[in-house]
1. Give the residue list of GluC sites (Glu not before Pro) in the range 32-87 that are DSSP loop and have at most 12 other beta-carbon atoms within 10 angstrom.
2. Arrange Ser34, Ser2 by Cβ neighbour counts within 10 Å, fewest through most, would you?
3. Sorting Trp61, Trp24 on the 10 Å Cβ count, fewest up front, what's the list?
4. Using mean Cβ contacts within 10 Å as the protection proxy, how do 143-149, 17-23 order, highest first?
5. Return the sequence-ordered ³J(HN,Hα) values of the range 85-93 in whole Hz as given by the Karplus equation 6.51 cos²θ - 1.76 cosθ + 1.60 applied to θ = phi - 60°, using x for Gly and Pro.
6. Using the eigenvalues of the Cα gyration tensor, what equivalent ellipsoid semi-axes result for the range 1-93 when each is taken as the square root of five times the eigenvalue, whole Å, largest first?
7. What is the range 13-53's relative contact order, in percent, from Cα pairs under 8 angstrom and six or more apart in sequence?
Amino acid sequence: MSAITILVDADACPVKDEIYKVAWRHEVQVKIVSNSRLRVPEHPLIERVVVSDGFDAADDWIAEAADARSIVVTADILLADRALKAGATVLAPTGKPFTAASIGPAIATRAIMADLRAGMADGMGGPPPFSKADRSAFLQALDTALVRLRRG
């Protein structure tokens, strides 16, 4: 059985520190994937993966690396879809899991919101600010996902 790996879409990920803490506790490998060099802890379980700055280069790398023993952390709905199709467990930084049942409606909502934003001259604002509750929910969801994968 292959090792469990956490793959992080890292460029805009607000929960990297939480990922490190959970990974160290569970002794799980983490790959921090980004288009630029990010600061990561010097630790044998943490690997920095810097990809080209090409469009979707980090997403492509993560989708290729994802499998049934991976947990992918991303807010990108299209990457979440690709990772799910590869068999990975996928979590948003808020702790919300992406599942086979939820990804279709999420993609549809994303398309509708993109159309709405395109039609609004002054914009609609973005998502709500990242909260302490989001951070806590993420920690719980990541811990639960790791326990579930470890049990098989």
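Since every read-out is calculated from the coordinates, none of them should be taken as a lab result. Note that this is a predicted model, so its numbers are computed, not measured. Backbone-built Cβ (ideal geometry, glycine too); neighbour counts: all protein chains shown.
1. Values: sites: Glu42, Glu47, Glu64; in loops: Glu42.
Within the range 32-87, the qualifying GluC sites (Glu not before Pro) (loop, at most 12 other Cβ atoms within 10 Å) are Glu42.
2. Details: Ser34 21, Ser2 8.
Placing the least packed residue first, the sequence is Ser2, Ser34.
3. Details: Trp61 19, Trp24 14.
Final ranking by Cβ density, sparse to dense: Trp24, Trp61.
4. Values: 143-149: 15.3, 17-23: 18.7.
Highest to lowest by the protection proxy: 17-23, 143-149.
5. Per-residue couplings from phi come out as 5, 7, x, 6, 7, 10, 10, 7, x Hz.
6. On the way: eigenvalues 65, 53, 26 Å².
Taking √(5λ) for each eigenvalue gives 18, 16, 11 Å, largest first.
7. Values: 42 pairs, mean separation 15.1, N = 41.
Reported as a whole number, the value is 37 percent.
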